[in-house]
Amino acid sequence: MDDHPLAVDIEHVLPKSKFKSLAISPVNLTVACKRCNMTIKKDRIDFLNGLSVADLEASFESSDAYEIIHPNLDNYHEHIKLDMVSINESTLCRYRVKDESKKGLRTVEYFELRSLEVDNLDEIQGIDEKSGSQRAAAIRDLLGV
């Protein structure tokens, strides 16, 4: 993205387009990077634990309602460990799911955190940034398929 790496949005965990009554609820508000908020999550609610919209409005303050780590209801560090290593002027980040946490694994998958690791490693190595399809084409070229 063209945004500064520290650019963040005010994020509605449950999208205000679907949960208008929760639009200003403190439990439903957090900050998120533009990549996660605008590119990945958007108005999706496929991270809910099988609850109907009506049931969720009654239990949105329960951690059990969410398959992913809720930024205001869960302790992130109980589910994911962030390892950071400084290399020259860059930092390599690795997200590790702790104790086989289902929420940790779902969060890593949902927000495509492994792709951040790959992009981060590519940057450290001086490899040009490529889209997923460009990277796949380059791999096919290397393999001759």
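The values are calculated or read from the model by the stated rules, or taken from the named source; none is laboratory data. Owing to the predicted nature of the structure, the values given are computational and were not obtained by experimental measurement. All Cβ positions, glycine included, derive from the backbone under ideal geometry; neighbour counts span all protein chains shown.
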Can you tell me which residues in the stretch 43-86 are among the β-branched types (Val, Ile, Thr) and closer than 17 Å to ALA23 by Cα?
ILE45, VAL53
For the stretch 44-56, which residues satisfy the criterion of being under 25 Å from GLU112 (Cβ atoms) and in a helix (DSSP H, G or I)?
LEU56
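Which residues, taken from the stretch 102-112, are in a helix (DSSP H, G or I) and among the acidic types (Asp, Glu)?
GLU109
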What do you reckon, is SER115 part of a helix (DSSP H, G or I), modelled with pLDDT of 85 or more and of a type outside the set (Asp, Glu)?
yes
For the stretch 105-118, state whether one or more residues are loosely packed, with under 14 Cβ neighbours inside 10 Å, among the polar types (S, T, N, Q) and more than 13 Å from the chain's Cα centre (by Cα).
no
Given the options ASP83, ASP99, ASP9, name the one that is assigned to a strand (DSSP E or B), surrounded by fewer than 11 Cβ atoms within 10 Å (Cβ to Cβ) and either touching a Gly at 6+ places or on another chain (Cβ under 9 Å) or not hydroxyl-bearing (Ser, Thr, Tyr) (or both).
ASP83
Assess whether LEU29 counts as being surrounded by 14 or more Cβ atoms within 10 Å (Cβ to Cβ), among the aliphatic types (A, V, I, L, M) and more than 27 Å from GLN125 (Cα to Cα).
yes
All conditions in (1) closer than 18 Å to CYS36 by Cα; (2) part of a strand (DSSP E or B) are true of LEU92 except (1)
For residues that are in a loop (DSSP other than H, G, I, E, B) and free of Cβ contacts under 8 Å to residues at least 24 places away in the same chain, scanning just the stretch 57-80, find the one that is surrounded by the fewest Cβ atoms within 10 Å (Cβ to Cβ).
ASN75
Selection status of LEU92, hydrophobic (A, V, I, L, M, F, W, C) and surrounded by 13 or more Cβ atoms within 10 Å (Cβ to Cβ):
yes
In the stretch 12-30, what residues are touching an Asp or Glu at 6+ places or on another chain (Cβ under 6 Å) and not in a loop (DSSP other than H, G, I, E, B)?
VAL27, THR30
